[in-house]
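Asks: The structure under discussion is supplied below as structure tokens; questions concerning it will follow.
The values are calculated or read from the model by the stated rules, or taken from the named source; none is laboratory data. Predicted model, so just to flag it, every value in this text is computed and none were measured. Please note: Cβ atoms are built from the backbone with ideal geometry, for glycine as well, and neighbour counts cover all protein chains shown. To get the accessible areas, we keep the full protein, side chains included, count just its heavy atoms, and leave off ligands, DNA and RNA. Shrake-Rupley method; radii C 1.70, N 1.55, O 1.52, S 1.80 Å.
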Amino acid sequence: LDRVLGPLEQIDFDISVIYSRPGAVDQKWHSDGAHQANAKDAGFEEDGWKTSLADAYALCLFIPLIDLDRERGYTQFWPGSHRHRNLDGFGTVAELAKATYDGICDAGSGIWYDYRLLHRGRFNVSNLVRPVLQIIPKKKWYVERVNYGKESIVRD
């Protein structure tokens, strides 16, 4: 975390459980966090991701609480999509190009990704709820207000 987001004293954490109910359909491709205003993306130069991409402001760690498979579903990721701000709406292209990663894994495993990465929850045709623990280490200045509400379930 130190290398990506900075020293621990500059980082906060959001924690939640997200879940998919039996019968859920595929989500649309999306990122949980947008590129920040005036932040650079990688462009399309060969080494642009090394020289131009703005630093991550948040990461996400998915930890499934049950095994994820093709029946219960999983999260599908588009690796590298966080490098470009204008890929919203192109998730189908990633599928056709076989440029996706299926997050099929065992309970307790972890998948890390940049908060800007495009991904989608896949369908759940099982009879089980699919819970996933989500830990978001983020720079203290970033406040998540879009995906998970504005009010903490923890009372001081």
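Asks: If SER31 meets every condition in (1) touching an Asp or Glu at 6+ places or on another chain (Cβ under 9 Å); (2) modelled with pLDDT of 90 or more apart from one, which number is that one?
Replies: (2)
Asks: I'd like to know if the stretch 112-124 contains one or more residues that are farther than 26 Å from GLY6 by Cα and either touching a helix residue (DSSP H, G or I) at 6+ places or on another chain (Cβ under 8 Å) or modelled with pLDDT under 90 (or both).
Replies: In the first step, residues of the stretch 112-124 are kept if they are farther than 26 Å from GLY6 by Cα; the result is 120-124.
Narrowing the set further to residues that are either touching a helix residue (DSSP H, G or I) at 6+ places or on another chain (Cβ under 8 Å) or modelled with pLDDT under 90 (or both) leaves 120.
Yes, some residue in the stretch 112-124 is farther than 26 Å from GLY6 by Cα and either touching a helix residue (DSSP H, G or I) at 6+ places or on another chain (Cβ under 8 Å) or modelled with pLDDT under 90 (or both).
Asks: Okay, moving on. Are there any pairs with C-beta distances below 7 angstrom linking a residue in the stretch 16-32 that is touching a residue at least 40 places away in the same chain (Cβ under 8 Å) to a residue that is open to solvent by 60 Å² or more (accessible area, probe 1.4 Å) and of a type in the set (Phe, Trp, Tyr), with the two at least 6 apart or on different chains, and if so which?
Replies: SER16/TYR148; ALA24/PHE123; VAL25/PHE123; ASP26/PHE123
Asks: In the stretch 66-87, what residues are closer than 19 Å to ALA34 by Cβ and under 14 Å from the mean Cα position of the chain (by Cα)?
Replies: Across the stretch 66-87, the qualifying residues are THR75, PHE77, TRP78, PRO79, GLY80, SER81, HIS82, ARG83.
Asks: Find all pairs meeting these conditions: Cβ atoms under 9 angstrom apart; at least six residues apart or on different chains; first residue within the stretch 89-112 and in contact (Cβ under 8 Å) with a residue 12 or more places away in the chain and farther than 15 Å from ASP26 by Cα; second residue β-branched (Val, Ile, Thr) and assigned to a helix (DSSP H, G or I).
Replies: ALA99/VAL93
Asks: Do you know which of the residues in the stretch 75-114 that are within 21 Å of GLY23 (Cα to Cα) and among the aliphatic types (A, V, I, L, M) is most open to solvent (accessible area, probe 1.4 Å)?
Replies: So the residue we want is ILE104.
Asks: Moving on to the next point. Could you please find all residues in the stretch 115-136 being surrounded by fewer than 20 Cβ atoms within 10 Å (Cβ to Cβ) and not in a loop (DSSP other than H, G, I, E, B)?
Replies: ARG120, PRO131, LEU133, GLN134, ILE135
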